[in-house]
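Below you'll find the structure, written out as structure tokens, and then a few comments.
The values are calculated or read from the model by the stated rules, or taken from the named source; none is laboratory data. None of the values given here were measured: they were computed from a predicted structure. Cβ coordinates were reconstructed from backbone atoms using ideal geometry, including for glycine residues, and neighbour counts include every protein chain displayed. The accessibility values were calculated without ligands, DNA or RNA, using every heavy atom of the protein model including side chains. Shrake-Rupley method; radii C 1.70, N 1.55, O 1.52, S 1.80 Å.
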Amino acid sequence: EKMSKAALFEEELTQLTKLHYQKCGPYRRILDAIGYDITSHYIAKDLPYLPVNLFKDYDLLSTNKSNIVKTITSSGTSGKGVSKVHLDRPTVINQTKALVNIMSVLTGKKRLPLLIIDSASMLKGKDVISARNAAVLGFSIFGSSVTYALKNNFELDKSSLEEFCSKYAGQKVILFGFTYVVWEYFCQALVKSNSSVTLKNGIFLHGGGWKNMADLEIDNGTFKA
């Protein structure tokens, strides 16, 4: 099954590369400059990679600007500006469909109580939002009820957390947050306050860059523990 998935993934990446080559002038010029043969079939590791700074310095679009309904930005924690990815409506719909399909495998069709390890105050912005905001908004659709573990000043909201743990003790719940936010404002805060969270049937999902964690020399095993 792993091989069949890899083959499907490779084919989709190949078709996407061709689509962007046809519809994005700057991308086409890059591929032409490096001698990429758009008619050939490449394995995934040989498909063209782009320097991330291109997405900081240029608006790379494969559709007309008038079709853009949302722009997602990176966190910009490195201090070198933010990367920008522009989305049209079909892409937004496809992203939602993909997320629903992936999550249904983990959680089933039923919505579950959701603990967002973040602050509700970060969900501000209309046309331009961060990848973190977008992720929180995306996962919120799976919550039968949504609780935020952090206050607006990013301090641990102990009362909300205790209420969530008490109300859903023993039940299947979802916890979601960005990796560095979970570590810095949740795990460390629990340790400092000598508190703990008991959610035996919790499904914990985290995402986002690992760069901040690597800078702190927190490895994957330590984080999971």
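In a residue-by-residue description of segment 169-186, the property of being among the aliphatic types (A, V, I, L, M) and free of Cβ contacts under 8 Å to residues at least 12 places away in the same chain applies to no position.
Checked against (1) open to solvent by less than 50 Å² (accessible area, probe 1.4 Å); (2) touching a helix residue (DSSP H, G or I) at 6+ places or on another chain (Cβ under 8 Å); (3) under 13 Å from Pro113 (Cβ atoms), Trp183 passes all but a single condition, namely (3).
Strands (runs of 3 or more DSSP E) fully within segment 117-222 that include at least 2 residues being within 18 Å of the chain's Cα centre (by Cα) and closer than 20 Å to Thr73 by Cβ: 128-130, 173-178, 202-207. Leu106 satisfies every condition listed in (1) modelled with pLDDT under 90; (2) part of a helix (DSSP H, G or I); (3) open to solvent by 50 Å² or more (accessible area, probe 1.4 Å); (4) over 23 Å from Val181 (Cα atoms) except (4). Condition check: in contact with a strand residue (DSSP E or B) (Cβ under 7 Å, 6 or more places away or on another chain), at pLDDT 90 or above, of a type outside the set (D, E, K, R) and under 23 Å from Asn220 (Cα atoms). Does Val173 satisfy that? Criteria met by Val173.
Tell me which residues, restricted to segment 1-17, are within 28 Å of Lys65 (Cα to Cα) and either of a type in the set (Val, Ile, Thr) or surrounded by 13 or more Cβ atoms within 10 Å (Cβ to Cβ) (or both). Matches in segment 1-17: Leu13, Thr14, Thr17. The set of residues in segment 31-44 that are open to solvent by less than 50 Å² (accessible area, probe 1.4 Å) and touching a residue at least 24 places away in the same chain (Cβ under 8 Å) contains only Ala44.
Looking only at residues of segment 21-30 that are closer than 29 Å to Ala6 by Cβ and open to solvent by 60 Å² or more (accessible area, probe 1.4 Å), we find that the one that is nearest to the chain's Cα centre (by Cα) is Lys23.
The residue list Leu216, Leu156 contains one member that is farther than 30 Å from Ala98 by Cβ and modelled with pLDDT of 90 or more, which is Leu156.
Within segment 45-76, the set of residues being among the small types (Gly, Ala, Ser) and surrounded by 11 or more Cβ atoms within 10 Å (Cβ to Cβ) comprises Ser62, Ser74, Ser75, Gly76. Is there a residue being surrounded by 16 or more Cβ atoms within 10 Å (Cβ to Cβ) and polar (S, T, N, Q) anywhere in segment 142-158? Yes - at least one qualifying residue is present in segment 142-158.
Here is the figure for segment 207-221: residues that are in contact with a strand residue (DSSP E or B) (Cβ under 8 Å, 6 or more places away or on another chain) and crowded, with 18+ Cβ neighbours inside 10 Å total 1. When the residues of segment 187-197 are filtered to those that are farther than 14 Å from Ala225 by Cα and either at pLDDT 90 or above or not small (Gly, Ala, Ser) (or both), which remaining residue is least open to solvent (accessible area, probe 1.4 Å)? Among those that are farther than 14 Å from Ala225 by Cα and either at pLDDT 90 or above or not small (Gly, Ala, Ser) (or both), it is Ala189.
Among all residues of segment 57-73, there is at least one that is within 30 Å of Leu161 (Cβ to Cβ) and under 20 Å from the mean Cα position of the chain (by Cα).
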